[in-house]
Each structure stands twice: as C-alpha cells, then as structure tokens.
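Trainee: Right, I'll just put the structure down here and ask away after.
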Amino acid sequence: MGMEHTVSFAGKSIPAYVSVRDFLGQRGFPLQMGMIDDQLAFPDELPNDDWRELRVRTPQGMVTVRREEQRLMFVTWGNADAAARQAWNAMTWAFAELGDGRVESPEGSLDAATYRERVELPEALR
C-alpha cells in the first residue's frame, strides 16, 4: 500500500520535470530518472511534455509521480523510512513551488511555502 500527496495546478501549467530536477539539484538534492510511462529510462533522460507517470530516483529512494489533467500525485511506499518520506516531501514541495501549485492536505489546501514549513525535508533542503 502506498502513501500519496496531491498538488493541484488549477489554471496553471505543471512545471517541467527538468526545471524541478535542476531546482533541487542546485540545492544539493539530485534527481535521476528511473522510468517514464512504464519504460526504463536512462538517469539523465527527459520525459516528453505529455508524460503520464515518472519513477524518479532520489538519494533516499524512489518516488513515483502520476499526472492527471491539472494535478500531480506523488506516491511512495506505505512503509517508507524517514529518509524516503523526506524525498517524497521534497519532490512534492519542489513541483508546488515552481508551478505555484496547492498541496492538498488533511489541514486543507496549502501553498508551497506553508507546506515546506510543515514537513520534514532532506538535510540539503532545510
């Protein structure tokens, strides 16, 4: 069973993966591609603009990103350790930050800055 975060981009563009990769990489948190739409990918491979699912490698583990109309779902294992949950939070935050998205949470809809304050992030992003 997995855990999921959702980021809504109502009326806005979903940021390109390469922008998020570079944004996090510049802050000491590198990403590598694992799969694009159920196909194995090279670590530096970039998805087409119409991708539906990405599996992204982080230093702490894999995060799956699923795309629908105007939202992204970030999925990790239900038994993920603290480091994997931090990676999951980092990717959620970065996409929300770059796309002015809203993170849907039990407390309601949060902007990226508020979300960042409330979750654990990897040391490089604190």
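None of the figures in this text is laboratory data; all of them are computed from the coordinates on show. Note that the structure is predicted; figures quoted are calculated from it, not measured. Counting neighbours? That spans all protein chains shown, and the Cβs are built from the backbone with ideal geometry, glycine included.
Trainee: What number comes out for the charge environment of Val18, summing +1 per Lys or Arg and -1 per Asp or Glu over other residues with Cβ under 11 Å away?
Mentor: Result for the local shell: -3.
Trainee: Determine the calculated [θ] at 222 nm for the chain from helices alone, applying -39500 (n - 2.57) to every DSSP H run no shorter than 4 residues and normalising by the residue count; nearest 500 deg cm²/dmol.
Mentor: Theoretical 222 nm ellipticity from helices: -8000 deg cm²/dmol.
Trainee: Tell me, what is the FRET efficiency for Ser105 and Trp51 to the nearest 0.05, using R0 = 30 angstrom and their Cβ-Cβ distance as r? Display every interim value, and only then the final one.
Mentor: Working: r = 25 Å, r/R0 = 0.83.
Calculated value: 0.75.
Trainee: So for the chain, considering every pair of alpha-carbon atoms, how many percent are separated by more than 26 Å?
Mentor: The share of Cα pairs beyond 26 Å in the chain comes to 11 percent.
Trainee: Take the alpha carbon atoms of region 73-116, find their center, do the same for region 34-50, and report the distance between the two centers in whole angstrom.
Mentor: 21
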